[in-house]
Amino acid sequence: MQRLANFIGGEFVAPHSDAYFDDVNPATEEVIAAIPDSDGHDVDDAVAAARAAFPAWSAAPAETRSRLLLKLADLIEANLEELARTESIDNGKSISLARRLDIPRAVANFRFFATAILHQSSEAHHTDRTALNYTLRHPLGVVGLISPWNLPLYLLSWKIAPAIASGNTCVAKPSELTPLTAYRLGELANEAGIPPGVLNIVHGYGAKAGRALTCHDDVAAISFTGGTVTGSAVAANAAPRFKKLSLELGGKNANVVFADADLDDAIATSIRSSFWNQGEICLCGSRIFVERSAYDTFVERFVAATKKLRIGDPLDDATDIGALNSEAHMRKVLGYIELAKEEGGTIAAGGKRVDRNGFFIEPTIVTGLSCDCRVLQEEIFGPVVTITPFDDEREAIAFANSTRYGLSASLWTRDLSRAHRVAAAIEAGTVWVNCWLLRDLRVPFGGMKESGVGREGGFESLNFFTEAKNVCVKL
Ligand code: NAD
């Protein structure tokens, strides 16, 4: 069995505690690796290594940093099949999705930020012929990056790439549930020639290693992606130390289908936005709202399409639905299915644990619940969606906005004016019209309301990881 180590100063080192905990393959329930149970001492070492690497790395020409990150992207791409397999075994997701989504997007993240830094410019303001103001952007120093388990390498690279591209050094804390591709990333970073200490990876529990990172006085910023409750603990620790803070949190996203939509496209895409990655994508549209005149047809066709999804071994190319990431998470999701029944919902498809080893749940559709039910208010983060009818555009917007979350939404209509009107009215950081999960890495990404604070993506990320300084020269 593989014993993981922390990646500090370019070397793989055991945790100070010499304690480890189990990494479990969620599809087989087998223990596949031992994960370092790191604590504040390991975080101290990683921060010290990052501090030592900062002067040279921040002074390196952008072209040098760019070249090294591009090399890392190439290496991830060259190892795509192995990384997709590793991600599938560690997370439970289907290998076809890891191959198509997770690993290519990690490659794209490194390429995007490696080249973005070659095209940065800063503003200058000529002030009434009396002064010239210009903005300098400096990297922050050592930054802390904390990521969840659902898209392990993809989300970690979304933070590491802009952080180190813009001249910072970093300490990353991947989820304790999916450490394997992050571990491999350390090896690939060495192979790419990234100088020791620029990227450090500390494994372990959030409440121990993660917390130590958010509380560390030498860490200038925390970029966190995870649940809303954890985000609030991270903010509580980071804010009194005046760290820059970016929080990408939970979602309860609306998928609004008007009767004039292209139903073939809306249904096929809604199957993906409901059940891709077992519904464990923060952007999944877990609340489907359908205009009443199309409701019965939509439900009938959506249920039929859901029943065709193939649940099974994540390593089988033909599998659509793999295992949920952990037993605890599976139990939580099953609890919400029971709650849906208690709240008066009808299970139109699925609803049960699959009778096999591993943490598998059937893709589940619930009808008959109103927006104030807990099942429509709380993030379930599994293969469970609700479908609710609405009467008109006003009600569709009210339903979409009826939660404390505001991460993303999709809407389906062929009426151009309505598309723009409703997109503007929905309280979400991203609204997709007649599509889902199309990404342009230049656009701002993040959540409204309790789905987050701050924006990532493109120059938003590069701005987050740098400090703007104004220089005012009297003319
Ligand atoms: P989580 O909040 O439990 O954990 C996220 C990370 O935070 C992990 O690395 C964990 O070890 C660490 N952590 C836990 N407690 C900590 C603490 N006190 N201090 C510092 N770090 C701590 O989330 P999860 O279960 O891993 O992921 C699922 C959640 O992530 C869902 O709510 C999902 O919506 C959200 N998510 C959001 C986005 C987004 O872009 N908004 C993307 C993916 C996932």
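Can you compute log10 of I(q)/I(0) for segment 7-110 with the Debye formula, treating each Cα as one identical point scatterer, at q = 0.10, 0.12, 0.17, 0.20 Å⁻¹?
-0.43, -0.62, -1.06, -1.12
Treating the angle as unsigned and between 0 and 90°, give the value, to the nearest 10°, between the Cα long axis of helix 62-78 and the longest Cα principal axis of the chain.
40
On the Cα set of segment 196-302, report Rg and Dmax in Å, please.
For segment 196-302, the Cα-based Rg and Dmax read 20.2, 61 Å.
Given charges of +1 on the Cβ of Lys and Arg and -1 on the Cβ of Asp and Glu, with all other atoms neutral, how large is the dipole of segment 254-433 about its Cα centre, in debye to the nearest 20?
Charge dipole of segment 254-433: 240 debye, to the nearest 20.
Amide H neighbours of S410 under 5 Å, at least 5 residues apart or on other chains, H built in the peptide plane: list them.
A254, N255, V256, W432
About its Cα centre, how strong a charge dipole does segment 334-431 have in debye, to the nearest 20, once Lys and Arg get +1 and Asp and Glu get -1 at the Cβ? Present the calculation step by step, with values, prior to reporting the outcome.
Working: 10 positive and 14 negative charges, 57 e Å.
That gives segment 334-431 a dipole magnitude of about 280 debye.
Hey, any idea what % of the chain's accessible area is carbon plus sulfur with a 1.4 Å probe?
Working: 9650 of 18430 Å².
Ligands and nucleic acids excluded, carbon and sulfur give 52 percent.
Roughly how far apart, in whole Å, are the Cα centres of segment 122-139 and segment 263-310?
The two parts, judged by their Cα centres, are 50 Å apart.
On a 1.4 Å probe surface of the protein chains, which of S461, S293 comes out largest in accessible area, and what is the full order? List each step's numbers first, then the result.
Details: S461 5, S293 100 Å².
If we order S461, S293 from most to least accessible, we get S293, S461.
Tell me which of G335, A268, L416 sits at the most positive position along the dipole axis of segment 254-433, charges placed on C-beta atoms (Lys, Arg +1; Asp, Glu -1).
Ranked along the dipole, the leading option is G335.
Helix 40-59: angle to the longest alpha-carbon principal axis of the chain, degrees 0 to 90, nearest 10?
70
In Å, what is the Rg of the alpha-carbon atoms in segment 254-433, and how long is Dmax?
Looking at segment 254-433, its Cα Rg and Dmax stand at 15.6, 50 Å.
Using a cut-off of 16 Å between alpha-carbon atoms, which aspartates and glutamates can reach K352, once sequence neighbours fewer than 8 places away in the same chain are excluded?
Hits, sequence-local ones excluded: E327, E338, E342, E362.
Within the set K93/K252; K93/K173; K159/K208; K208/K244; K208/K449, which residue pairs have Cα atoms separated by over 25 Å? Walk me through the intermediate numbers first.
On the way: K93/K252 21 Å; K93/K173 21 Å; K159/K208 21 Å; K208/K244 21 Å; K208/K449 28 Å.
Pairs exceeding 25 Å: K208/K449.
What does the charge dipole of segment 386-475 about its Cα centre add up to, to the nearest 20 debye, if the Cβ of each Lys and Arg holds +1 and the Cβ of each Asp and Glu holds -1? If you can, show how the numbers build up before the last one.
Working: 11 positive and 11 negative charges, 79 e Å.
Magnitude of the dipole: close to 380 debye.
In sequence order, what are the phi-derived ³J(HN,Hα) couplings for segment 330-339 according to the Karplus relation 6.51 cos²θ - 1.76 cosθ + 1.60 with θ = phi - 60°, rounded to whole Hz, with x for glycine and proline?
4, 5, 4, 5, 4, x, 5, 5, 4, 4
Over the chain, what is the mean sequence separation of C-alpha contacts under 8 Å (at least six apart), divided by residue count, expressed as relative contact order in percent? Can you show the working numbers first?
Numbers: 1122 pairs, mean separation 87.1, N = 475.
Relative contact order of the chain: 18 percent.
Given N residues in the chain, what is Rg(Cα) / (2.2 N^0.38 Å)? Present the calculation step by step, with values, prior to reporting the outcome.
Values: Rg = 22.8 Å, N = 475, 2.2 N^0.38 = 22.9 Å.
Ratio of Rg to 2.2 N^0.38 Å for the chain: 1.00.
Please work out the Cα center distance from segment 169-242 to segment 28-78, rounded to the nearest Å.
10
Can you list residues whose amide H is under 5 Å from A348's amide H, if they're 5+ apart or on another chain and H is modeled 1.01 Å from N?
Here the answer is I365, V366, T367, since their amide H atoms fall under 5 Å of that of A348.
With a 1.4 Å probe and all protein chains left in place, how much accessible area per residue does the chain have, in Å²?
Numbers: 18430 Å² over 475 residues.
Each residue of the chain exposes 39 Å² on average to a 1.4 Å probe.
Of the options T214, F112, V229, report the single residue whose Cα projects farthest towards the positive end of the charge dipole of the chain (beta-carbon charges: Lys, Arg +1; Asp, Glu -1).
Going by the Cα projections, it comes out as F112.
Please report the antiparallel percentage of the DSSP beta bridges confined to the chain, to the nearest 5.
Approximately 45 percent, going by the DSSP bridge assignments.
Counting only the heavy atoms of the protein chains, how much of R65 is accessible to a 1.4 Å probe, in Å² to the nearest 10?
Accessible area, nearest 10 Å²: 30 Å².
First select every other residue whose beta carbon is under 13 angstrom from the beta carbon of T214; then total the charges, Lys and Arg +1, Asp and Glu -1.
For residues surrounding T214, the net value is +4.
What is the packing order of peptides 170-176, 432-438, 82-88, taking the mean over residues of other C-beta atoms within 10 Å and listing the highest first? Don't skip to the answer; put the middle values down first.
Details: 170-176: 27.1, 432-438: 16.7, 82-88: 22.4.
Per-residue Cβ counts within 10 Å, averaged per peptide and sorted highest first, yield 170-176, 82-88, 432-438.
Highest first, please rank the peptides 355-366, 118-129, 197-208 by the mean number of other Cβ atoms sitting within 10 Å of their residues.
Final packing ranking: 197-208, 355-366, 118-129.
By the scheme Lys and Arg +1, Asp and Glu -1, what is the net charge of all other residues having a beta-carbon under 11 Å from that of L339? Spell out each step's value before the answer.
Details: positive: K332, K341, R374; negative: E338, E342, E343, E378.
Charge balance in the 11 Å sphere: -1.
The values are calculated or read from the model by the stated rules, or taken from the named source; none is laboratory data. Remember, it's a predicted structure, so these values are computed and weren't measured experimentally. Neighbour counts run over all protein chains shown; Cβ positions are idealised from the backbone, glycine included. When the accessible area is computed, the model is the full protein with side chains, heavy atoms only, and any ligands, DNA or RNA have been set aside. Shrake-Rupley method; radii C 1.70, N 1.55, O 1.52, S 1.80 Å.
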